Amino acid sequence: MKMPALLKTMRPGQWVKNVFIFSALIFAQRLFDRDSLLTSLGAFVVFCAISGAVYIVNDLLDLEEDRRHPVKSKRPLASGQLRKRTALVAVFACAGGGLACAWCLDFGFFLWVAGYFALQLLYGWRLKHVVILDVFVIAIGFVIRVVAGAQVIQVEASPWLLICTILLALFLALSKRRHELILLDADASDHRPVLGEYSAYLLDQMISVVTASTVVAYCLYTMWPTTVNKFKTDKLVLTVPFVLYGIFRYLYLVHQKGEGGSPEALLVRDKPLLGATVLWMIVAVLIIYFAR
């Protein structure tokens with residue numbers, strides 16, 4: 001019974017966030033390079049192990065709060081299905097194994113992974129209780145994934161890629177905060193104190209700013225002379241409609257359907273959103289690699 005409970009605590013469903021590792025691989029035109037692809041896959045596994053350790057630590061730190069939460073109280077640690085000692089052993093195994101593998105892949109990559117792990121521990125312990133900074137830390141975690149993915153295959157991460165990544169991550173993090181605030185209503189600050197510093201109106205204003213910034217940044221990136229020269233085509237702008245639809249669909253789900261609490265689950269569950277994402281990936285790869 002321990003293994004299913006432990007695996008659930010490690011949240012494998014959320015490891016999909018680690019696909020940002022492959023961003024540099026794709027945009028550096030290394031997707032069909034066997035060595036780079038295998039190295040990136042190894043980096044992905046490393047981040048999955050580290051992510052699993054981080055989620056266990058977060059559940060240990062939030063144990064009492066989770067027990068009072070209408071949904072999180074069903075988590076293995078909060079419900080008593082998983083013992084603290086077993087969870088701690090798993091943390092050391094996952095974190096130690098992940099860091100060791102990162103060291104073997106590349107020292108620079110190891111430093112980024114270690115920095116990511118330290119940042120996530122600091123977030124779970126203190127930073128998630130600091131208004132606005134909490135969502136920025138989440139967004140920085142995505143940026144680190146992108147930079148680490150570039151480092152491990154020895155390519156440079158484009159400034160545009162980093163800008164688009166942090167804006168998209170802020171969009172998702174703010175939407176998640178809004179979902180939590182609406183779901184918990186008057187009890188929000190009891191379950192997560194920082195939610196008492198937010199309001200639905202404030203989060204909507206922030207989401208509006210980030211949404212517009214994300215769209216503008218991506219549009220500029222597709223038409224920027226450096227981008228056109230790099231890919232030898234100006235057709236990347238054809239992917240903009242998929243990005244617009246995806247963002248609008250997500251906003252619809254957040255505001256009209258009360259979704260947004262789990263972006264990774266929503267991406268898989270909502271077929272129109274998943275379809276837009278898959279089509280964007282296909283069109284982007286075809287343009288980057290074959291449109292000359």
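The values are calculated or read from the model by the stated rules, or taken from the named source; none is laboratory data. Just so we're clear, the structure is a prediction, and the values are computed from it rather than from any experiment. FYI the Cβ positions are ideal-geometry reconstructions off the backbone, even for glycines, and counts take in every protein chain you see.
Observations, loosely collected:
- Total residues in the range 73-109, condition surrounded by fewer than 18 Cβ atoms within 10 Å (Cβ to Cβ) and not in a helix (DSSP H, G or I): 3
- Check on W112, assigned by TED's automatic domain parsing to the domain that holds V46, assigned to a helix (DSSP H, G or I) and under 17 Å from the mean Cα position of the chain (by Cα): yes
- Failed item, numbered, when L181 is tested on (1) touching a Leu at 6+ places or on another chain (Cβ under 7 Å); (2) under 23 Å from P12 (Cα atoms): (2)
- Filter result for the condition that a residue is part of a loop (DSSP other than H, G, I, E, B) and not assigned by TED's automatic domain parsing to the domain that holds S262, over F22, F32, F47: F32
- The range 14-40 residues that are touching a residue at least 40 places away in the same chain (Cβ under 8 Å), paired with ones that are part of a helix (DSSP H, G or I) and of a type in the set (D, E) (beta carbon under 7 Å, 6 or more apart): Q14/E264; V16/E264; K17/E264
- No other residue among G275, G261 is outside any helix (DSSP H, G or I) and not aliphatic (A, V, I, L, M) apart from G261.
- The lone criterion from (1) assigned to a helix (DSSP H, G or I); (2) outside the structural domain of F27 (by TED's automatic domain parsing); (3) of a type in the set (S, T, N, Q); (4) at pLDDT 90 or above left unmet by T233 is number (1).
- Selected residue (criterion: farthest from D59 (Cα to Cα)) from residues of the range 111-139 that are aromatic (F, W, Y) and surrounded by fewer than 20 Cβ atoms within 10 Å (Cβ to Cβ): F136
- Condition check for P159: farther than 21 Å from I56 by Cβ and free of Cβ contacts under 8 Å to residues at least 12 places away in the same chain: yes
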